[in-house]
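The block underneath contains the structure these notes are about, expressed in structure tokens.
The values are calculated or read from the model by the stated rules, or taken from the named source; none is laboratory data. Keep in mind it's a predicted model, so treat the numbers as computed, not measured. Positions of Cβ are backbone-derived with ideal geometry, glycine not excepted, and every protein chain shown enters the neighbour counts. Side chains included, ligands, DNA and RNA excluded: accessible areas come from the protein's heavy atoms. Shrake-Rupley method; radii C 1.70, N 1.55, O 1.52, S 1.80 Å.
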Amino acid sequence: MHHHAYLWTGPKARSDDEALRRPPHPDPPPAGSRPELIERYRQVASEFRTSDLPPLETAYWLVKPRSLVRGTWEDAKEAAAWLGERLAEYAPRFATEHDRDPVRLAQLVDSAAERLHAGGDVSYGHYLERPSYLALAVVTCSPNRTTPELACPCA
């Protein structure tokens, strides 16, 4: 078991485009569907795997391009430390004082280490200066507990 890290920052409006953050439905719209529905399905089917947008389900980071992997670790504590470093790096830009609280950030890192050690995934999101958003994730791989059918991006 190992862990892959991901980071995305960008306009909140872009992260709000949930259709591009979900894997496409396995079945395309039926023949005779509205043209805009068919076009939206085609767009999602072609862009979901290649888009840098954070997926709504954390495990689906594994289907994104390998170039988006920011680090890989066997040890859960090392992966959690990466999260802690990123949280500290971006904390001055967090939109609320509560999100910047160092005690709270340390608790997030400790919780992440426990969850990763148990084989779970970790995903944190923070609003930055308006209207930006930060998404951080560490995904357990080989296999992922929630979606074991997803292949390792580094295999």
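Points worth noting:
- Every condition in (1) assigned to a strand (DSSP E or B); (2) open to solvent by 70 Å² or more (accessible area, probe 1.4 Å); (3) not small (Gly, Ala, Ser) holds for residue 25 except the one numbered (1).
- Top-ranked residue in segment 1-22 [being in contact with a helix residue (DSSP H, G or I) (Cβ under 8 Å, 6 or more places away or on another chain) and charged (D, E, K, R); ranked as surrounded by the fewest Cβ atoms within 10 Å (Cβ to Cβ)]: 22
- Selected residue [small (Gly, Ala, Ser) and in contact with a Cys (Cβ under 8 Å, 6 or more places away or on another chain)] from 123, 142: 142
- Considered as a group, the residues in segment 36-55 that are aliphatic (A, V, I, L, M) and modelled with pLDDT under 95 include one that is most open to solvent (accessible area, probe 1.4 Å), and that residue is 37.
- Hey, residue 131 closer than 22 Å to residue 20 by Cβ and without any contact (Cβ under 8 Å) to a residue 60 or more places away in the chain or not: no
- Selection within segment 7-30 - in contact with a Leu (Cβ under 6 Å, 6 or more places away or on another chain) and in contact (Cβ under 8 Å) with a residue 40 or more places away in the chain: 7, 9
- One residue from 86, 93, 100 being under 16 Å from the mean Cα position of the chain (by Cα), under 24 Å from residue 14 (Cα atoms) and charged (D, E, K, R): 86
- Hits in segment 57-116 - residues which are aliphatic (A, V, I, L, M), farther than 26 Å from residue 18 by Cβ, open to solvent by less than 70 Å² (accessible area, probe 1.4 Å) and free of Cβ contacts under 8 Å to residues at least 60 places away in the same chain: 80, 81, 88, 91, 105, 106, 109, 113
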